[in-house]
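First the structure, in the form of structure tokens, and then the observations on it.
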Amino acid sequence: MSINMEDLKKVNVDTLTAKEKQKCYEAFVAFDKNVSGYIEKDELRAVLEEMGQKPTEEELIKMINEVDLSGRGAISKEDFLKIIAYHKMILQTSDEEDIKLAFIALGGNEDKSGSVDRQKLINVIQNEFNLSIDLNRLIKELSPNQNELKYEDFRNLLQN
């Protein structure tokens with residue numbers, strides 16, 4: 001995955017939970033073997049080699065340069081947090097787009113208006129994907145007494 005530096009600069013690390021930030025700091029400390037406060041090229045190489053990878057000098061420089069916001073030639077704690085927050089943002093954006101596309105494919109509108117027929121959704125999930133989950137129960141919990149799912153209910157069903 002190539003990282004857009006301008007997007008990375010705009011990322012708000014406060015989108016990470018306290019627990020996620022703590023895990024980031026723990027991971028950073030594991031990478032920062034010389035306790036300099038930065039993940040330097042040799043430290044990145046060592047970690048990647050421990051994972052069975054053999055990065056070239058050029059690959060290491062490229063990896064660092066893609067995320068080095070300070071221009072120091074190493075990855076700071078702040079850079080590391082931003083990378084994780086950026087990745088989380090990309091995953092959430094991708095998930096939301098996938099949900100929207102599924103909603104449209106099942107009869108909803110591109111602007112997230114309209115709805116998806118409950119029975120059509122059940123048929124697709126059970127017959128085309130051969131899943132044996134009790135969708136009727138889940139749908140009733142989200143929107144009881146309705147034969148159609150609005151976008152928010154559809155999204156909540158797929159995310160839970």
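The helix-based estimate of mean residue ellipticity at 222 nm for the chain, built from -39,500 (n - 2.57) per DSSP H run of four or more residues and divided by its residue count, is -18000 deg cm²/dmol to the nearest 500.
Based on the mean of other Cβ atoms within 10 Å per residue, sort peptides 14-20, 149-155, 28-34 so the most packed one is first.
Values: 14-20: 11.4, 149-155: 19.1, 28-34: 14.0.
Packing order, densest peptide first, comes out as 149-155, 28-34, 14-20.
Protein heavy-atom surface of the stretch 1-63, 1.4 angstrom probe: 54% of the accessible area is carbon and sulfur, with nucleic acids and ligands not counted.
Once the Cα atoms of helix 77-105 and of the chain are each reduced to a long axis, what angle between those two axes, in degrees from 0 to 90 to the nearest 10, is obtained? So the inclination is approximately 20 degrees. For Ser115, the residues whose modelled amide H falls within less than 5 Å of its own, excluding neighbours fewer than 5 places apart on the same chain, are Asn109. Using 0.36 nm per residue and subtracting the Cα-Cα separation, the extra length available between Ala105 and Asn65 on full extension is 10.4 nm.
Excluding ligands, DNA and RNA, the accessible surface per residue across the chain is 64 Å² with a 1.4 Å probe. The H on the amide N of Ile39, modeled in the peptide plane, is under 5 Å from the matching H of Ile75, Ser76, each at least 5 residues off or on a different chain.
Please list Glu96, Glu128 in order of solvent-accessible area, largest first, computed with a 1.4 Å probe with all protein chains present.
On the way: Glu96 50, Glu128 135 Å².
The most accessible residue leads, giving Glu128, Glu96.
Of the cross-linked pairs Lys21/Lys120; Lys19/Lys140; Lys10/Lys33, those separated by over 31 Å at the C-alpha level are Lys21/Lys120; Lys19/Lys140.
The values are calculated or read from the model by the stated rules, or taken from the named source; none is laboratory data. Everything quoted here is computed from the prediction, not taken from an experiment. Neighbour counts run over all protein chains shown; Cβ positions are idealised from the backbone, glycine included. Heads up: the accessible areas ignore ligands, DNA and RNA and are worked out on the full protein's heavy atoms, side chains in. Shrake-Rupley method; radii C 1.70, N 1.55, O 1.52, S 1.80 Å.
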